[in-house]
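One structure below.
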Amino acid sequence: MFNLLYTIAHNVLLCTLPQEQQGEVAVTANLGDSPCKIELSSLVPPDGLPRATFLFPNGEVSVKEKKLDEGDSILSVSGLAKSNVLNGICKAVYSDNVMNIKYRYKDDEISFIPSISLPSNALSFAFKRQLTPSDKLSYWYNFATNYWGAVYKRKADKHIKWKAGYESDDRLGWATLWVGDASGSTKEVPFKAKVRFTLKVPQDNIQNSVVLFHVKKRWDF
């Protein structure tokens, strides 16, 4: 038995641009009592063959038409799959002949996320450590480029937190201060306002340091 679901998405911002894609239409079929589904989707107006996607509980595989720079078209395959492995989650993503495999382990104090890209064998990892309920340290390193970065976060209370870090690829140090709960509603914070200050310091030219600020304020009339 097949169950069909029709989905239509329309981008009203592009209604005045007839040459641009304005939405998407999709048809999804459930394969009987199986948790697997098949979906056919197409842009509106269409620019080629519809995309076919096979969805299963641990991932999906898609086939779509891809236009090359030379004007020719080919069928492109992409997909992802994930599974629980050794108290963590392993996820593989395939697109444009590149496979990225990432493993994520996380408990109450530590997160460890190694990843590798194939066929380039580019290896990287990220490490996060919850030092205290208010302090967190993060570090990442890319073995292929030797780029690395580090971030230290400190939450003084619900309405004040700051973090500082360094990014070797941009040779940039920075620090950010939030006043007001960054994840909460503006209506619930003191003075119904949120303020964010950011300092950026280039390692090679400290004189070009900049300070940015962003204010979000709510007025009730």
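Could you check, for segment 38-47, whether at least one of its residues is at pLDDT below 95, of a type outside the set (D, E), closer than 25 Å to F112 by Cβ and assigned to a loop (DSSP other than H, G, I, E, B)? So that I can check it myself, show each step before the final result.
Quick first cut of segment 38-47, residues at pLDDT below 95 only: 38-47.
Narrowing the set further to residues that are of a type outside the set (D, E) leaves 38, 40-46.
In the following step, the residues that additionally are closer than 25 Å to F112 by Cβ were identified as none.
Among the residues of segment 38-47, not one is at pLDDT below 95, of a type outside the set (D, E), closer than 25 Å to F112 by Cβ and assigned to a loop (DSSP other than H, G, I, E, B), which makes the answer no.
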Can you find a residue in segment 111-120 that is more than 21 Å from the chain's Cα centre (by Cα) and among the hydrophobic types (A, V, I, L, M, F, W, C)?
-> no
Given the residues S34, S62, which is the only one that is within 25 Å of S83 (Cβ to Cβ), free of Cβ contacts under 8 Å to residues at least 60 places away in the same chain, of a type in the set (S, T, Y) and part of a loop (DSSP other than H, G, I, E, B)?
-> S34
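For segment 115-127, state whether one or more residues are within 30 Å of T28 (Cβ to Cβ) and either at pLDDT 90 or above or surrounded by 12 or more Cβ atoms within 10 Å (Cβ to Cβ) (or both). Steps first, please.
Within segment 115-127, the subset within 30 Å of T28 (Cβ to Cβ) is none.
Looking for residues that are within 30 Å of T28 (Cβ to Cβ) and either at pLDDT 90 or above or surrounded by 12 or more Cβ atoms within 10 Å (Cβ to Cβ) (or both), one finds none in segment 115-127, hence no.
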Which residues, taken from segment 150-176, are more than 14 Å from K128 (Cα to Cα), of a type in the set (V, I, T) and surrounded by 14 or more Cβ atoms within 10 Å (Cβ to Cβ)?
-> T176
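Within segment 103-142, can you find the residues that are assigned to a loop (DSSP other than H, G, I, E, B) and either more than 18 Å from K163 (Cα to Cα) or of a type in the set (D, E) (or both)? Explain how you work it out, then say what you get.
Narrowing segment 103-142 to residues assigned to a loop (DSSP other than H, G, I, E, B): 107-109, 119-121, 133-134.
Across segment 103-142, the qualifying residues are D107, D108, E109, P119, S120, N121.
Out of the residues in segment 185-201 that are among the basic types (K, R) and farther than 10 Å from H159 by Cβ, state the one that is modelled with the lowest pLDDT.
Pass one, segment 185-201, residues among the basic types (K, R): 187, 192, 194, 196, 200.
Still in the running and farther than 10 Å from H159 by Cβ: 187, 192, 196, 200.
On the way: K187: 59, K192: 66, R196: 86, K200: 93.
Here the residue is K187.
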Looking at T53, T145, which one is within 30 Å of L172 (Cβ to Cβ) and of a type in the set (S, T, N, Q)?
-> T145
Could you pull out the residue among V85, V77, V93 that is of a type in the set (A, V, I, L, M) and exposed (fewer than 13 other Cβ atoms within 10 Å of the Cβ)?
-> V85
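Do you know which residues across segment 131-149 are surrounded by 16 or more Cβ atoms within 10 Å (Cβ to Cβ) and either more than 19 Å from the chain's Cα centre (by Cα) or among the hydrophobic types (A, V, I, L, M, F, W, C) (or both)? Full working, then the answer.
So in segment 131-149, the residues surrounded by 16 or more Cβ atoms within 10 Å (Cβ to Cβ) come out as 136, 138, 140-142, 149.
Result: K136, W140.
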Conditions: (1) at pLDDT 95 or above; (2) polar (S, T, N, Q); (3) outside any strand (DSSP E or B). T145 meets all but one. Number of the miss?
-> (1)
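The values are calculated or read from the model by the stated rules, or taken from the named source; none is laboratory data. Bear in mind that the values here come from a model prediction, so they are computed numbers and not experimental data. Quick reminder, even Gly has a Cβ in these numbers, built from the backbone with ideal geometry, and neighbours come from all protein chains shown.
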